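The structure under discussion appears below in the form of structure tokens.
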Amino acid sequence: MTGVLSGALLAILGRATGETLVMVAVSTALAGAAGLALGTLVVATERDGILPAPRLHRLLGAVINVGRSVPFIILMVAIIPFTRLVAGSSIGTRAAIVPLVVGAIPYVARLAEAALREVDRGVIEAVVTMGASPWQVVRRTYLPEAVPALVRAVTLTAITLVGYSAMAGAVGGGGLGDVAIRYGYQRFRPDVMVLTVVVLVVMVQAIQWAGESLARRLDRR
């Protein structure tokens, strides 16, 4: 009987791991794209940027700061109506992706902003002097020069979203957080809790290794 129970739990854990991977992968991709666009706009619109607009720059900065100030668990509950509108439900893996993306966008925006600011200002000025448009500066200079830092930013975002996804699972989002609460904590199964933690640690280590390896490979310095 124990073997059957163990097999069932392992099957549940495997399914939950897949759900967590889906949540993290999709959320990282969507938040990465939106956050990169927002971070690029913040850098471009600063006073001495390639598209100066100080008022818009301050507004974007304020919006990002507000977004980063809201704890994820509160954000997840606060935007339930929006989640239902987008995903058709407020529970399940697909629904959990919505707050994960919303919560990660300001985080990615700041990381992208920091990465883009590392680009040599002299290179930017040289490209602008040659008559490049703002879009050409971003596409041909900012992004290519900042690729290693941006890869590390995406890696850090994915790792953060692993933790966020566990919180989402604890309140109906599925994944490893749901397994840890329902089968570990509520059923007094410390072995399930430990196994869940081990899977999360392995997942984070794998993401970190893959991200660092890719960043080093793309670093042209």
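Some points to look at:
- The residue pairs whose first member lies in the range 70-97 and is closer than 11 Å to Ala168 by Cβ and in contact (Cβ under 8 Å) with a residue 40 or more places away in the chain, whose second member is among the polar types (S, T, N, Q) and surrounded by fewer than 17 Cβ atoms within 10 Å (Cβ to Cβ), and whose beta carbons are closer than 6 Å, counting only pairs six or more residues apart or on different chains, are Ala95/Ser89.
- Selection count where residues are surrounded by 15 or more Cβ atoms within 10 Å (Cβ to Cβ), under 22 Å from Leu150 (Cα atoms) and of a type in the set (S, T, N, Q), scope the range 14-69: 4
- Leu9 vs. criteria assigned to a helix (DSSP H, G or I) and modelled with pLDDT under 90: yes
- Which numbered condition Ala53 misses (of (1) free of Cβ contacts under 8 Å to residues at least 40 places away in the same chain; (2) among the aliphatic types (A, V, I, L, M); (3) over 21 Å from Val137 (Cβ atoms)): (3)
- Elements of type helices (runs of 4 or more DSSP H) in the range 104-221, at least 2 residues being β-branched (Val, Ile, Thr) and surrounded by 14 or more Cβ atoms within 10 Å (Cβ to Cβ): 121-129, 147-168, 190-218
- Selection of the range 47-98 for residues being hydroxyl-bearing (Ser, Thr, Tyr) and outside any helix (DSSP H, G or I) yields Ser89, Ser90.
- Residue match in the range 196-207 (condition: at negative phi and more than 23 Å from the chain's Cα centre (by Cα)): no
The values are calculated or read from the model by the stated rules, or taken from the named source; none is laboratory data. Source: prediction; values computed, not measured. Every residue, glycine among them, receives a Cβ derived from its backbone with ideal geometry; neighbour counts consider all protein chains shown.
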